[in-house]
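Colleague: My questions all concern the structure below.
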Amino acid sequence: MGQIMSRCDECGSEYLKDASKMKHLCPECAHRLYGYENCSHEFENGRCKNCLWDGSSSRYLDSFKENDK
Ligand SMILES: [Zn+2]
Ligand SMILES: [Zn+2]
């Protein structure tokens, strides 16, 4: 079974295409920007085992984080 990788337009991380509901966003960004269900990330060697997101973020997303506090 081939795992199709895609690159997130927002954070620049590679991710497993099938793990995300959105075409050009990793599960994390799709969740934070659009409220889609997030992957329950499990990190191993710097990457999530489930969606292969590498933990990247973007300035834009970080600004959301700060607003949450
Ligand atoms: Zn992303
Ligand atoms: Zn994940």
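Colleague: Taking the chain, which GluC sites (Glu not before Pro) meet the DSSP loop condition and have no more than 13 other C-beta atoms within 10 Å? Could the numbers behind the result be given before it?
Modeller: Values: sites: Glu10, Glu14, Glu28, Glu37, Glu42, Glu44, Glu66; in loops: Glu10, Glu37, Glu42.
Listed in order of number, the matching sites are Glu37, Glu42.
Colleague: Working from the pairwise distances between different alpha carbons, so that the mean of 1/r is found and then inverted, what is the range 5-68's Kirkwood radius in Å? Kindly include the intermediate steps, with their values, before the conclusion.
Modeller: Working: mean 1/r = 0.0873 Å⁻¹.
The Cα-based Kirkwood calculation yields 11.5 Å.
Colleague: Also: Under a 5 Å amide H to amide H cut-off, with H placed in plane at 1.01 Å, what residues pair with Trp53 once short-range neighbours are removed?
Modeller: Those lying under 5 Å, H to H, from Trp53 are Leu16, Cys48.
Colleague: Tell me which residues come under 5 Å, amide H to amide H, from Asp9 once H is placed; ignore anything under 5 positions away on its chain.
Modeller: Those lying under 5 Å, H to H, from Asp9 are Leu25, Cys26.
Colleague: Calculated from DSSP H runs of 4 or more alone, at -39500 (n - 2.57) each and per residue, what is the 222 nm mean residue ellipticity of the chain, nearest 500?
Modeller: On the way: 2 runs with 18 residues, N = 69.
Roughly -7500 deg cm²/dmol at 222 nm, from the helical runs in the chain.
Bear in mind these aren't lab numbers, they're just calculated from the coordinates by the rules spelled out. Bear in mind the structure is a predicted one, so any value in this text is a computation, not a measurement. Because the Cβ atoms are built from the backbone with ideal geometry, glycine has one as well, and the counts that use them run over all protein chains shown.
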